[in-house]
Amino acid sequence: MRVETAGRSARRRDSRWTGFASAAACAAVAWLGLAPLPAVVGSARAQASETPSPGGVPYVPTPWPVVKAMLELAQVGEKDFLIDLGSGDGRVVIEAARTRGARGLGVELDPDLVQVSIDEARRLGVAGRALFERRDLFETDLSPATVVTLYLLPRLLRELQPRLMRLRPGTRIVSHDFGLGDWKPDATVKVDIADRAFGPPFSTLYLWIVPAFVNGTWEGRLDLPGRAETWRLDLRQNHQELAGSLRIGNGRGLLEQPTLSGDRLAFSAIVDGPGGRLRHAFDGRAVAGQLTGTWTVNAVRPAASGAGPASSVSVHATARRTEAPTRQ
Ligand SMILES: C[S@@+](CC[C@H](N)C(=O)[O-])C[C@H]1O[C@@H](n2cnc3c(N)ncnc32)[C@H](O)[C@@H]1O
């Protein structure tokens, strides 16, 4: 997906944020470590005194088309509670409340920016849903969040990453321009910003969906028509990426394309057994040490005896985790 910029309307709306929007190009020089142009250095100094950044991170507002794309990427809706860490002038939280009916909290060290955010939320009639606090993002309780948005430097993201990885499974995290170390995003989007004052003419957005912790061994019982089987699933997990194997009776197969999105787990494997060569597929959820879902069995090569299923069979399946390696 590539979202086109709505340049003119974005510029028009940016004028609401007078005093801060003009800082973008200057702060971006320090922000991205770009070689500053002489003309920019002067205004950057002036801006720096007007807009101190107590966290040592310059304030650079996310361009409006990018704000919209971030909310779209996270599929923000009325049921969401969005937390913007380092919320600047509050635009991400306010836009989420105004256009998507979400509730949210912005935390920001700079008291002037917090006040701008509160005033703007009030002006736009969303003060009840868009809250702002002067607070260090590292001292912010993230547990109410269903969506976390970030436009922070890599060193802050590195420090934050362990906390982000432990958010409730299914929480969506969207970061503007910077990734989260070795945690591969679930989706990446480029947003064209033709009139961007610095860097490439686009922003990159990354989406992560916090995966459930499913690493380890799971055991369950499969009640197929006419017979019951025990199954054992061995999963190795690297964030949302999985590998492993499925054992049913004495047969074993490697997992084919296992997927994990939040607590939603799906996998399949071909396993030989008395019923012939069968493809087993699971689609369900991993919640509180229990797997629950639908198990579908298809004959790949039926048993000569005719003991296996002639066509597809679906049953309800559950399993408990019997062994979980310590979480990193
Ligand atoms: C690049 S700006 C992003 C602003 C806003 N999120 C947006 O996307 O438009 C980063 C903001 O994080 C704030 N910040 C930096 N460190 C912080 C910290 N430890 N706690 C809270 N805010 C912080 C800065 O003051 C700055 O306003």
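The values are calculated or read from the model by the stated rules, or taken from the named source; none is laboratory data. Quick caveat: nothing in here was measured; it's all calculated off a predicted structure. We place every Cβ from the backbone using ideal geometry, glycine too, and count neighbours over all the protein chains shown. In case anyone asks, the SASA skips ligands and DNA or RNA and just uses the protein heavy atoms, side chains included. Shrake-Rupley method; radii C 1.70, N 1.55, O 1.52, S 1.80 Å.
The figures follow:
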read-out: Residue match in the stretch 58-65 (condition: within 9 Å of the ligand (Cβ to nearest atom), surrounded by fewer than 19 Cβ atoms within 10 Å (Cβ to Cβ) and modelled with pLDDT under 95); value: no
read-out: The one condition in (1) outside the structural domain of Ala69 (by TED's automatic domain parsing); (2) open to solvent by less than 10 Å² (accessible area, probe 1.4 Å); (3) on the phi < 0 side of the Ramachandran plot that Leu205 fails to fulfil; value: (1)
read-out: Strands (runs of 3 or more DSSP E) wholly inside the stretch 240-280 containing at least 3 residues that are buried (at least 20 other Cβ atoms within 10 Å of the Cβ); value: 241-248, 264-273
read-out: Residue satisfying all of: in the stretch 161-187; out of contact with any helix residue (DSSP H, G or I) (no Cβ under 9 Å at 6 or more places or on another chain) and outside any loop (DSSP other than H, G, I, E, B); surrounded by the fewest Cβ atoms within 10 Å (Cβ to Cβ) among these; value: Pro162
read-out: Boolean, Gly220 is assigned by TED's automatic domain parsing to the domain that holds Ala286, over 19 Å from Asn238 (Cβ atoms), open to solvent by less than 50 Å² (accessible area, probe 1.4 Å) and over 11 Å from the mean Cα position of the chain (by Cα); value: yes
read-out: Test for Arg158: is it within 20 Å of the chain's Cα centre (by Cα) and either touching a residue at least 24 places away in the same chain (Cβ under 8 Å) or not in a strand (DSSP E or B) (or both); value: yes
read-out: Residue tally, condition polar (S, T, N, Q) and either more than 10 Å from the ligand (Cβ to nearest atom) or modelled with pLDDT under 95 (or both), over the stretch 75-118; value: 3
read-out: Residue list for the stretch 64-98, filter: acidic (Asp, Glu) and touching a Phe, Trp or Tyr at 6+ places or on another chain (Cβ under 9 Å); value: Asp84, Asp89, Glu95
